[in-house]
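Working notes for the structure below.
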Amino acid sequence: MRGMWQKAGTAAVGVAWMLGAHAVFAQDAAGPAAVKEKAAAGGEITTAQRDELLKERNYGAPARDEQRAFGSVPLPIPGDVFSRGASEQASPEKQKGLFPNSWHDFANQDGFFGDPWGARSWLADHGVTIGGRYFQDTAGNPFGGKSRAVRYADEEALSLDFNLKKLLGVAFNAGTLHFLTLARQGAGLGNTLPAVDSPMEIYGAGETMRLGRLSWEMHWNKYVHTEVGEINTENDFEQSSTYWGANLYCQFQNNGICGMPQSIAMNSGYGFYPTAHPGAWIKLYPAGNDHYLVQFGAYSVDPTITGVRNGWKMNLHGATGTYLPFQLGWHRGGTDDYSGPLQTNVKIGGYWDTSEVKNVYGQMGTYYIPASAAQDAPVSKVRGRFGGWFQFDRMLQRDGADPHRGTAFFASFTWGDPRTAIAPYFVTAGITRKGTFASRPNDTISFGMKALWANPKVTHWIEHLQHTGRGAGLYAPHSEEAIELNYGYWPTRWLLLRPGLQYLWSPGALKRYKDAMLIDLESAISF
């Protein structure tokens with residue numbers, strides 16, 4: 001397996017080098033000032049002019065709006081500050097001391113700590129971008145489920161991005177070095193409901209400091225981008241598109257929706273946030289712009305990486321195989337979500353996982369089925385599992401009177417190997433309205449859903465046990481569905497409060513417990 005992993009990583013980097021080496025020493029392109037001003041003011045620009053602006057940006061450190069469909073998301077969970085976008089949303093004046101110049105500047109700066117003495121801006125100008133946040137989920141079920149409970153979980157994260165061209169003072173593009181560390185604490189409500197998909201997306205892989213990302217990302221030219229290092233698949237395959245500078249899927253607390261369709265991680269060796277795995281990917285843009293994408297990747301599959309003692313594990317010891325995803329993408333839209341054509345994205349992808357795992361009869365514990373039910377089941381080992389996905393999202397409208405207000409929709413379908421997949425069929429959909437009132441252009445109201453269907457092999461096996469008199473106390477799994485409605489309130493640019501309601505049908509995908517209603521609250525402080 002290790003040889004296969006090394007070959008896959010070497011091949012990805014080698015292809016990127018051959019295709020992109022001629023651009024390593026290229027200077028950053030400079031778009032015409034008049035075109036920049038026209039685009040910033042919301043004026044119409046040609047497709048060629050738009051592509052030139054995108055090309056100019058993409059050779060440097062990645063920015064949010066330019067990578068809305070296919071770019072990496074540094075922190076792929078809720079709480080991302082919306083990008084300013086339109087010119088009237090200007091940043092506060094340069095901070096003159098330790099504290100903001102005024103209450104207005106304090107409320108409108110991008111992070112709680114602002115930019116003391118302009119130090120943060122100075123660091124960014126010299127190649128070091130600092131980010132961080134505190135984020136928490138609280139949820140309780142006043143009725144339904146196995147028992148009543150309230151649970152709290154949180155995360156603190158710090159990210160550093162190093163633009164190597166600026167940092168080293170060289171004349172050529174040298175890419176970006178990413179670093180992310182985080183800590184999670186708390187407990188999840190999904191264990192007490194029970195639920196196949198946690199209703200609290202921040203819970204999991206916690207109780208320790210953890211490495212979330214340590215990698216080198218390189219935009220070789222307008223055709224080839226790569227990343228290699230300690231990364232997670234959730235950033236780059238079956239990932240959410242970015243709208244208004246934020247993760248669209250993660251306008252929801254339910255982990256079945258945020259930050260990716262959850263069954264992909266249940267059914268394969270997909271490396272989900274916040275864990276980091278040795279990996280690499282290559283993105284090819286055949287047209288030299290973001291209209292079309294062909295993407296391949298290779299990631300280590302390591303079932304032990306979520307352990308408390310493995311927060312900083314950076315080796316292949318314990319790895320069981322290699323996760324090999326591919327993705328095709330189509331994108332249309334303006335340079336941002338505040339002007340130009342409305343954004344539309346389509347992604348189709350699939351994967352092959354070389355790991356050897358038990359077939360689905362050996363994984364029935366996911367549905368809270370006791371191990372005794374598998375004693376006579378045809379449990380066997382399977383090497384090589386596979387699956388695929390389809391994603392669609394579109395900005396439905398933008399208010400003419402205020403371009404900061406608009407509406408976006410998404411839907412996805414994920415399919416898994418019927419021999420091994422816990423949930424071979426999985427659907428998500430949602431809609432978010434940004435700008436609930438004229439005086440609240442950054443507040444959101446979101447409605448979403450997720451539905452998973454249990455592997456029919458497990459269902460039929462439990463029904464077989466029931467018919468033969470050996471299924472006393474057993475419940476056959478069928479499906480689990482959930483909907484969520486929430487309101488995202490931004491009293492400042494760096495503080496989010498998001499109360500919501502969730503309704504869960506058939507907790508645990510079993511007809512054993514009553515449907516559950518959840519009351520929840522997310523809050524985030526960006527630093």
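Readers should treat all values here as calculations from the given coordinates under stated rules, not as data from a laboratory. Because the structure is predicted, anything quoted here is derived from the model rather than measured. Cβ: placed from backbone, ideal geometry, glycine included. Neighbour counts: every protein chain shown.
How much net charge surrounds residue 269 when only other residues with a Cβ under 14 Å from its Cβ are counted (Lys, Arg +1; Asp, Glu -1)? The partial results should precede the final answer.
Numbers: positive: 358, 383, 385; negative: 234, 238, 302, 353, 356, 417.
Here the count lands on -3.
In debye to the nearest 20, how big a dipole does the range 156-233 give about its Cα centre with +1 on each Lys and Arg Cβ and -1 on each Asp and Glu Cβ? Working shown, then result.
Numbers: 6 positive and 8 negative charges, 70 e Å.
Using Cβ point charges on Lys, Arg, Asp and Glu, the range 156-233 gives about 340 debye.
Normalised by the residues of the range 377-527, what does the relative contact order come to in percent, with Cα pairs under 8 Å and at least six apart? Show your work: numbers first, answer last.
Working: 330 pairs, mean separation 22.0, N = 151.
Computed over the range 377-527, the figure is 15 percent.
Quick check for me: using +1 on Lys/Arg Cβ and -1 on Asp/Glu Cβ, what's the dipole size of the range 274-359 about its Cα centre, in debye to the nearest 20?
Roughly 160 debye, rounded to the nearest 20.
Report, in listed order, any pair from 283/457; 96/166; 347/511; 313/381; 146/450 with a Cα-Cα distance greater than 32 Å. Provide the component values of the computation, followed by the final result.
Values: 283/457 37 Å; 96/166 24 Å; 347/511 34 Å; 313/381 27 Å; 146/450 21 Å.
Over 32 Å apart, Cα to Cα: 283/457; 347/511.
If you take the alpha carbon radius of gyration of the range 381-434 and divide it by 2.2 N^0.38 Å, what ratio comes out, to two decimals? Let's see the in-between values first.
Working: Rg = 17.4 Å, N = 54, 2.2 N^0.38 = 10.0 Å.
In units of the 2.2 N^0.38 Å rule of thumb, it is 1.73.
State to the nearest 20 debye the size of the charge dipole of the range 395-495 about its Cα centre, where the only charges are +1 on K and R beta carbons and -1 on D and E beta carbons. Mind showing how you got there, number by number?
On the way: 10 positive and 8 negative charges, 40 e Å.
The calculation lands at about 200 debye.
I'm checking a number: the convex hull volume of the Cα atoms of the range 307-364, normalised per residue, in Å³. What is it? Numbers along the way, then the final one.
Details: hull volume 12.7 nm³, N = 58.
Each residue corresponds to 219 Å³ of Cα convex hull volume.
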